[in-house]
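Asker: Before we start, here is the structure in question, set down as structure tokens.
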Amino acid sequence: MASKEARVKELETLMEANDFWQDGDRAQKVINESNQLKIWTVPYQDLKRRFEDIKALLPEAYEANEESLVQELIEDLNHIDKSLNDLEVRRMLSGELDSKDCYLTINSGAGGTEACDWAQMLSRMYQRWATRRGWDVEIVDFVDGDVAGLKSITLKFQGQFAYGYAKAEKGVHRLVRISPFDSNAKRHTSFASVDVTPEITDDIKIDIRPEDLRVDTYRSSGAGGQHVNKTDSAVRLTHLPTGIVVSCQNQRSQVQNKETCFQMLRSKLYEQEVIEREKAMNQLKGEKKDIAWGSQIRNYVFQPYTLVKDTRTKVESGNIQAVMDGEIDEFVNAYLKEFG
């Protein structure tokens with residue numbers, strides 16, 4: 001942390017120079033670097049100051065036998081401990097893409113209506129989780145199930161280290177429960193896959209050749225609105241060399257939806273490039289841990305008992321309702337500590 005604080009001081013000295021804004025691009029890079037470092041240094045200094053205050057006050061509160069103040073200070077210490085743990089987890093997020101905003105896509109798998117309902121349950125869980133973290137959430141695209149739920153949905157998360165945290169959720173999620181759609185009340189197993197892609201900003205150039213694309217337009221499945229359901233404004237892009245497919249229907253015009261599709265496609269292609277580069281580096285370093293994105297990562301059992309268990313870290317929780325309400329940081333943090 002000391003090196004980060006020293007670098008912030010260096011950058012602040014640069015920003016105070018009279019000729020700082022003569023080179024606009026360079027100035028912006030300096031500001032961006034400073035802001036990124038302050039994400040670490042400002043919370044650390046705040047926690048350090050709060051701890052020193054409690055360290056000074058607590059002996060006096062004990063000596064004066066002020067039980068309510070002692071309890072309040074101990075609660076503050078617990079909050080500081082939790083915040084330090086969060087900061088320690090964030091330290092794992094040093095990857096090239098971790099600080100980016102991201103897209104999270106859920107696709108229903110085997111199980112028909114059950115799987116579509118499961119995809120909708122996961123969508124609700126992730127939206128609540130993102131809101132708890134203070135991120136902005138936007139629904140970019142969705143396809144309703146034939147009877148209920150969702151065949152697929154793409155969410156956009158905007159917030160500090162959105163991709164770094166959300167990448168822990170990549171993989172297949174398995175649900176076991178008594179089906180609300182089965183009159184015989186039998187247990188059913190459903191699957192849904194989750195993919196997470198960082199949003200790539202315009203300063204990163206990804207070349208996409210027009211001849212490598214197939215562009216399809218279709219009618220939005222959204223409800224209501226002046227343009228929705230009346231024009232073929234929704235757009236689907238297929239990148240032929242890789243088979244990557246992206247779609248968007250939440251914007252008001254076909255042009256805007258197409259631009260969002262290009263943004264998502266650039267992001268997926270760049271992520272693919274970075275992952276391949278990291279795999280090559282890990283092979284050179286002889287690292288043994290392998291992260292299989294497509295594998296089953298977590299089981300959610302509603303009946304005959306309640307249990308959520310991560311197959312990668314072995315972390316589990318019996319409070320399945322809290323998990324479905326977005327309390328998944330325990331699983332995310334454990335993943336980052338082991339693989340981050």
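The values are calculated or read from the model by the stated rules, or taken from the named source; none is laboratory data. Please read all numbers here as calculations on a predicted model, not as lab measurements. Neighbour counts run over all protein chains shown; Cβ positions are idealised from the backbone, glycine included. Surface areas here come from the heavy atoms of the whole protein model, side chains and all, with no ligands, DNA or RNA. Shrake-Rupley method; radii C 1.70, N 1.55, O 1.52, S 1.80 Å.
Asker: With +1 on each Lys and Arg Cβ and -1 on each Asp and Glu Cβ, and nothing else charged, work out how big the dipole of the range 1-52 is about its Cα centre, in Debye to the nearest 20.
Answerer: So the magnitude is around 340 debye.
Asker: For the range 1-89, give the magnitude of the charge dipole about the Cα centre (Cβ charges: +1 Lys/Arg, -1 Asp/Glu; no others), in debye to the nearest 20.
Answerer: Dipole of the range 1-89, to the nearest 20 debye: 480 debye.
Asker: Name the residue, out of D310, D212, D98, whose mean-square fluctuation peaks in a Gaussian network model built on the chain with Cα pairs under 10 Å.
Answerer: Residue with maximal mean-square fluctuation among D310, D212, D98: D212.
Asker: Any idea what Rg and Dmax come out to for the range 114-164 if you just take the C-alpha atoms, in Å?
Answerer: Cα radius of gyration and Dmax of the range 114-164 are 11.7, 37 Å respectively.
Asker: Anyone know which of H188, H79, H239 comes out most mobile in the 10 Å Cα GNM of the chain?
Answerer: Highest fluctuation among the options: H79.
Asker: Select from A185, A119, A234 the residue whose mean-square fluctuation is largest in a Gaussian network model of the chain (Cα-Cα springs shorter than 10 Å).
Answerer: Comparing A185, A119, A234 in a Gaussian network model of the chain, the most mobile one is A185.
Asker: Still on this structure: What is the range 1-143's relative contact order, in percent, from Cα pairs under 8 angstrom and six or more apart in sequence?
Answerer: 14 percent
Asker: Mind checking the full-extension length gain between S83 and R187? Use 0.36 nm per residue of separation minus the Cα-Cα distance, one decimal, nm.
Answerer: 33.4 nm
Asker: With the other protein chains left in place, how much accessible area per residue, in square angstrom, belongs to the range 3-63 at a 1.4 angstrom probe?
Answerer: Counting only protein heavy atoms, the per-residue value for the range 3-63 is 73 Å².
Asker: Quick check: pseudo-label points 7 Å beyond the Cα along Cα→Cβ at D207 and T238, how many nm apart are they?
Answerer: Once both label points are built, they end up 2.5 nm from each other.
Asker: In addition: Take the residue pairs K9/K55; K38/K268; K151/K309; K314/K337; K48/K82 and return only those whose Cα atoms are more than 20 Å apart.
Answerer: Flagged as over cut-off: K9/K55; K38/K268; K151/K309.
Asker: Taking only protein heavy atoms into account and a 1.4 Å probe, give the accessible area per residue of the range 95-196 in Å².
Answerer: Per residue, the range 95-196 has an accessible area of 39 Å².
Asker: With unit charges on the beta carbon (Lys/Arg positive, Asp/Glu negative), name the residue among S123, N107, G149 whose Cα is farthest towards the positive pole of the charge dipole of the range 84-152.
Answerer: About the Cα centre, the residue reaching furthest to the positive side is S123.
Asker: If you take the Cα Rg of the range 5-138 and divide it by 2.2 N^0.38 Å, with N the number of residues, what do you get?
Answerer: The range 5-138 yields a ratio of 1.59.
Asker: Evaluate the distance, in nm, between pseudo-label points positioned 7 Å from the Cα of V215 and of F20 along their respective Cα→Cβ axes.
Answerer: The two pseudo-label positions are separated by 4.3 nm.
Asker: Could you state the orientation-averaged shadow area of the convex hull built on the Cα atoms of the chain, in nm² to one decimal?
Answerer: With every direction weighted equally, the projected area is 24.7 nm².
Asker: By how many nm would the segment from N35 to R49 lengthen if fully extended, with 0.36 nm per residue of separation less the alpha-carbon distance?
Answerer: Gain on extension, N35 to R49, equals 3.0 nm.
Asker: Give me the one-decimal nm value for the distance between modelled label points at E96 and V143, 7 Å along each residue's Cα-to-Cβ direction.
Answerer: It is 3.1 nm.
Asker: When the accessible area of the chain is split by element with a 1.4 Å probe, what percent falls to carbon and sulfur?
Answerer: Accessible surface attributable to carbon and sulfur in the chain totals 48 percent.
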